[in-house]
Amino acid sequence: MPDKNRIAEQEHLSHVYQKLLRIEAEQENKVASIGEGARTDKADMAEELTVDLADFDSTLETLANIESLNRIVDSYNLASQTAEERLDRTRLLLKQPYFAKVTLQLSPDRPPRDIYLGVCGMNDETGRLFIVDWRAPVAETYYNQSMGPTSYKVDGRTVHVDLLLRRQFEIERDELLAYFDTTVAIEDPLLLRALTRSHSSKMKSITTTIQREQNTVIRHADVPALLVRGIAGSGKTSVLLQRVAYLLYQNRATLRPDQLHLITPNDVFSRYISDVLPSMGEHNPQTGTWQSIAVRWGISPDDRGDGATTVTRLREIDRACKTARLMPQDCRALRWKDEVIISAPDIAKIAAQFSRVQSSRRQCECVNEELHDRLDQMIKNEATSENVLYAIDEMEIEEQCRLFGHPIDTDDKDEVREAGLIYLEEKYAAAHTAVDNASWISTRRLARRILGGRGLKPIERAYLRLLFSGAGDAEARYVLIDEVQDYTAAQLMLLTQLFPLAHFLLLGDPNQAIYDGCATFEEIFEIFAQARGRDNVSSCALLTSYRSTPEITALFAPLADEQDRIAIDSVRRAGTPVAIREYRDQSAYEKALVDTVLSLKKELAGSADSAGIGAVIAATEDEAIRIAERFNLPLVSAQSQLPEKGLAVMSLPFAKGLEFDAVIIPDASATAYGSDERSRRRLYTAISRATSRIAILSNGELSPLLHRG
């Protein structure tokens, strides 16, 4: 019997695809037409525009004409940007027009309505949405997965509907590969198919397979701090990125991507997730690591604070700063490299001008404004100096094109002056940053004055500078921290001051806290309760594991904290049995290591697209280097990225947050992983990176953590 549903859905898909093709062609023509119109109009207006500054009236008329020209240019830019954004969304949808459909009974006296959901929305020439963005309020009926009477909220108003049909699609361009009518997540065919696909060097979006508990986090009310505790494989990172996309959609009129800051475990991880948001039609937020923040604020990248002692000290700094004021002796010279740009006495005089300002923060803000003005004036005065002219003249043509956009005619005084300003602005950009960071404050002298003789550690000095001066990033609206369990309390307290007005999303798994001295989730909650208000901190849990097969899940689940152990379960189908082999003889171990690594290396090196990616996860960096060199395998480090496919080697810190089709743990002996808490968390982290297969070797007695009765 013909499948009538499939035939009807294929016809609908073909109709939608043709409509998208027409929109693509229309927008391409529109972009080209706007560009041509802009070029013609600007050329015509430039010819007609006469600069006449002979008298006051002529000057006013000239300025009015220039302003009129600027408005026309702005209107062209806006029209071009709008057309290009619609074109980009159309091209994104042409890869997969939509992934789901819900049929809703909005009211008893109206026919049911079919709503098709895609990674972004698209309307036709009449303005009707024929593809609805997955972040739209009505899409919540799909992710809630409750058939029958349900509801969603729009602008604070609850809309009650009947969900008559929840259908998933597997689509490639204009071809319907499969469809499924589903009701609950654990029987989600699209999810199960996605979980069994081979992995690559880049994370993929989970938009089509978001589960109910994940959706709770993604669509959570906007609160000053949201703490999410999730077990291994629960999709924490994917949820974080979907949350970013959701926030950008909900606040699209007021929120820019550069106002969001994503703090990741390392640069490898940053590159791993870099394609997720663009695949949903969104720009990536500002992305960095703790190490990049630490360098900016004069902290050693490896400085993890001093546990509870440092937190106690930070509380002392909090109390001292409440009444402290800026004094002339707290100022030091503003420098660029080894050059003194503004001397300490000059800055002290500026500070004295604002001695009547009521708070240290406002006083420092006033000093900063004056220092920026002085830097700008210095740049203007120096722009036409012989030194600058010589520096520009000595530049290679390629460097001039990079900096100025074109080669500079050094005989043209106006062009040289403009180039000089650009050159000096780039040269002294770090000096402006130093002002923003309030680096002209001597935290050593300030600390001696308001805290007594005891010296401060680098993280404490940075905290003092931020708290006293208010030099944090007031433009940041959201800060998202992945692997939050690896941060100390002191680091997190510093981040609350670095981003004083931002809302925080904090995701982690206490079972993966592989470093000593990390804050517990209870301590994290308390830090943000004090920083943002106790009633402003919410928490969620992700308790279902989607990553690993039941066999692998059963191996790492007993290593979790007891409260998580009960909840850990796999939704995947049974897979390959886990291979754990203990070798008391060194030569036997070496042979097994060679056989295991070379076998997986050969398998993953196949030409098939489904070959996947694997990892040898070593307990130490030295072990990772030895294995990479021995087997001629790529070594993942801070400067590298994952290969597109095949087998790579890395130490445990670089494996955090990643997942692989196959994993080899080359040595899980009692020497590498003892019976202490840190070893338990490290082994839990290593094992839970595997999705389908894992081989565990032991060079000597197996870790007691893996002894099973």
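The values are calculated or read from the model by the stated rules, or taken from the named source; none is laboratory data. Just so you know, these numbers come straight off a predicted model, no measurement behind them. Here Cβ is always computed from backbone atoms with ideal geometry, including for glycine, and neighbour counts include all displayed protein chains. Just so you know, the surface numbers come from the protein's heavy atoms only, side chains and all, with ligands and any DNA or RNA stripped out. Shrake-Rupley method; radii C 1.70, N 1.55, O 1.52, S 1.80 Å.
Here are some notes:
This table checks each residue for (1) over 24 Å from the mean Cα position of the chain (by Cα); (2) over 20 Å from Ala348 (Cα atoms); (3) not aromatic (Phe, Trp, Tyr).
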residue: His432; (1), (2), (3): yes, no, yes
residue: Arg444; (1), (2), (3): yes, no, yes
residue: Arg448; (1), (2), (3): yes, no, yes
residue: Glu483; (1), (2), (3): no, yes, yes
residue: Leu492; (1), (2), (3): no, yes, yes
residue: Phe504; (1), (2), (3): no, yes, no
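- Being at pLDDT 90 or above and more than 33 Å from the chain's Cα centre (by Cα) holds for only one residue in Arg135, Arg110, and it is Arg110.
- Test set (1) within 25 Å of the chain's Cα centre (by Cα); (2) polar (S, T, N, Q); (3) at pLDDT 95 or above - Ser669 fails condition number: (1)
- Just one of the listed residues (Ala628, Ala624, Ala638, Ala672) is in a loop (DSSP other than H, G, I, E, B), free of Cβ contacts under 8 Å to residues at least 60 places away in the same chain and of a type in the set (A, V, I, L, M), namely Ala672.
- Hits in region 114-159 - residues which are touching a strand residue (DSSP E or B) at 6+ places or on another chain (Cβ under 6 Å), in a loop (DSSP other than H, G, I, E, B) and open to solvent by less than 20 Å² (accessible area, probe 1.4 Å): Cys120, Gly121, Asp124, Trp134
- Residue among Tyr546, Tyr487 that alone is among the aromatic types (Phe, Trp, Tyr), surrounded by 19 or more Cβ atoms within 10 Å (Cβ to Cβ) and in contact with a Leu (Cβ under 7 Å, 6 or more places away or on another chain): Tyr546
- Restricting Arg374, Arg402 to residues that are more than 30 Å from Thr312 (Cα to Cα), open to solvent by 40 Å² or more (accessible area, probe 1.4 Å), assigned to a helix (DSSP H, G or I) and at pLDDT below 90 narrows the list to Arg402.
- Against the criterion of being in contact with a Leu (Cβ under 8 Å, 6 or more places away or on another chain) and surrounded by 22 or more Cβ atoms within 10 Å (Cβ to Cβ), Phe525 does not qualify.
- All positions within region 547-569 that are part of a loop (DSSP other than H, G, I, E, B), in contact (Cβ under 8 Å) with a residue 40 or more places away in the chain and in contact with a strand residue (DSSP E or B) (Cβ under 9 Å, 6 or more places away or on another chain): Arg547, Ser548, Thr549, Ala567, Ile568
- Members of region 216-241 found to be among the small types (Gly, Ala, Ser) and in a helix (DSSP H, G or I), listed by number: Ser238
- Residues of region 571-601 that turn out to be loosely packed, with under 13 Cβ neighbours inside 10 Å, in a helix (DSSP H, G or I) and under 34 Å from the mean Cα position of the chain (by Cα), as a count: 0
- Some residue of region 640-650 being charged (D, E, K, R) and under 21 Å from Val578 (Cβ atoms): no
- Cβ pairs under 7 Å, 6+ apart, first in region 518-546 and among the polar types (S, T, N, Q) and assigned to a helix (DSSP H, G or I), second open to solvent by less than 50 Å² (accessible area, probe 1.4 Å) and at pLDDT 95 or above: Asn536/Val223; Asn536/Pro224; Asn536/Ala225
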